[in-house]
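The values are calculated or read from the model by the stated rules, or taken from the named source; none is laboratory data. Nothing here was measured: the structure is a model prediction, and the numbers come from that model. Here the Cβ positions follow ideal geometry from the backbone for every residue, glycine too, while neighbour counts run over all protein chains shown. Only protein heavy atoms, including side chains, enter the accessible area calculation; ligands, DNA and RNA are left aside. Shrake-Rupley method; radii C 1.70, N 1.55, O 1.52, S 1.80 Å.
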Amino acid sequence: GYVVYSVRKKLKKQYIHLKGKQIEKLKKSGVEITDIVLSPEVAFTGDTTAEYMLDPRNADALRAKILITEATFLDDGYSIDHARQHGHTHLSEIIENVQWIRNKAVLLTHFSSRYSIERRIDLKPSLVNNILNRGSFHLME
């Protein structure tokens with residue numbers, strides 16, 4: 001997958017107590033007064049199993065403002081094992097691991113063509129009931 005970051009400069013902690021003119025003087029004298037801060041903005045997982053949610057190396061994907069991730073299988077018609085064997089994520093796994101999701105919005109995509117658009121739209125109430133107060137979940141064709 002991929003994570004897109006914003007890059008910002010933030011005043012170093014040791015200079016927070018200083019007044020504007022003091023900070024300006026330091027800056028003019030060549031002192032580096034800021035730190036570079038990377039902030040994850042958008043994450044896209046691509047085809048993947050839900051195990052990415054448990055891998056600490058993927059923490060930024062789960063705290064980006066927007067997470068775009070697959071939910072190929074939506075119901076008991078296909079098991080979690082089936083999804084994993086084919087390198088996909090089952091909606092049940094997303095719900096099961098929601099405690100790791102810190103994104104402001106999650107866009108679910110890459111649904112199996114076995115599911116009609118109507119079936120996907122019917123998911124919205126169940127998502128809201130299962131994932132209350134966890135951000136905003138959206139479905140994409």
Margin query: Run through the stretch 25-123 and list the trypsin sites (Lys or Arg not before Pro) located in a DSSP loop whose Cβ has at most 12 other Cβ atoms within 10 Å.
Written below: 104, 114
Checklist line | Point-to-point label distance, residue 79-residue 26, nm (Cα→Cβ direction, 7 Å offset) | finding: 6.0
Notebook entry, point to check: DSSP loop GluC sites (Glu not before Pro) in the stretch 1-82 with at most 11 other Cβ atoms within 10 Å of their Cβ, which ones?
Noted result: 32
Note to self: Here is the link list: 28/65; 19/104; 10/65. Which ones come out longer than 30 Å on Cα distance?
What the structure shows: 28/65; 19/104
Note to self: Tell me the carbon and sulfur percent of the accessible area for the stretch 39-112, rounded to whole percent, probe radius 1.4 Å.
What the structure shows: 52
